[in-house]
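Step one of this worksheet: look at the structure below.
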Amino acid sequence: DYDEASLKQLKFIKTCRALDFSLAEIKFFNEMKTQQSQHCEVDSMLAKHLVSVEEKIAELTEIKHFLQSLITEDDHQAADCKAMAQLKAY
């Protein structure tokens, strides 16, 4: 059983992890909850994290397009498999 404060803390950590923040970043954010005078540093960290997320999205979009280009919907022989030919090329 957890008290209300512990549940709020766990929810805060879970939310930060869902946003892909590291444990060190979460620890820092937790400390900043009581030191609001340094909120600009948090804003800066969030901006950097956003750039990182945007880069990951771009990478995943490239992977998606590559995988979509490999998928062949029609019947074909193993020797004609475009997907395996491309994967072997890497």
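Sort out which residues of region 66-90 are assigned to a helix (DSSP H, G or I) and either among the hydroxyl-bearing types (S, T, Y) or surrounded by 10 or more Cβ atoms within 10 Å (Cβ to Cβ) (or both), and write them in order of number.
Once the filter is applied, which keeps residues that are assigned to a helix (DSSP H, G or I) and either among the hydroxyl-bearing types (S, T, Y) or surrounded by 10 or more Cβ atoms within 10 Å (Cβ to Cβ) (or both), region 66-90 yields F66, L67, S69, L70, D80, K82, A83, M84, A85, Q86, L87.
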Requested in this report: Considering only residues that are among the charged types (D, E, K, R) and part of a helix (DSSP H, G or I), look in region 1-18 and name the one that is surrounded by the fewest Cβ atoms within 10 Å (Cβ to Cβ).
Outcome: E4
Query raised in the report: Which one of the conditions (1) assigned to a helix (DSSP H, G or I); (2) under 30 Å from Q9 (Cα atoms) does F21 fail to meet, given that it meets all the rest?
Result: (1)
Query raised in the report: Assuming Q36 fulfils every condition listed in (1) out of contact with any Asp or Glu (no Cβ under 7 Å at 6 or more places or on another chain); (2) in contact (Cβ under 8 Å) with a residue 12 or more places away in the chain apart from one, which condition is it?
Result: (2)
Report task. Go through the residues of region 24-45 one by one and say whether even a single one is surrounded by 10 or more Cβ atoms within 10 Å (Cβ to Cβ), within 21 Å of Q9 (Cβ to Cβ), of a type in the set (D, E) and within 20 Å of the chain's Cα centre (by Cα). Result -> yes
Report summary line: The lone condition H49 fails out of (1) of a type outside the set (S, T, N, Q); (2) out of contact with any Cys (no Cβ under 8 Å at 6 or more places or on another chain); (3) assigned to a helix (DSSP H, G or I); (4) without any contact (Cβ under 8 Å) to a residue 24 or more places away in the chain is (4)
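No lab work stands behind these numbers, since they all come straight from the coordinates. This is a predicted model, so every value here is computed, not measured. With ideal geometry, Cβ positions are generated from the backbone for all residues, glycine too; neighbour counts draw on all protein chains shown.
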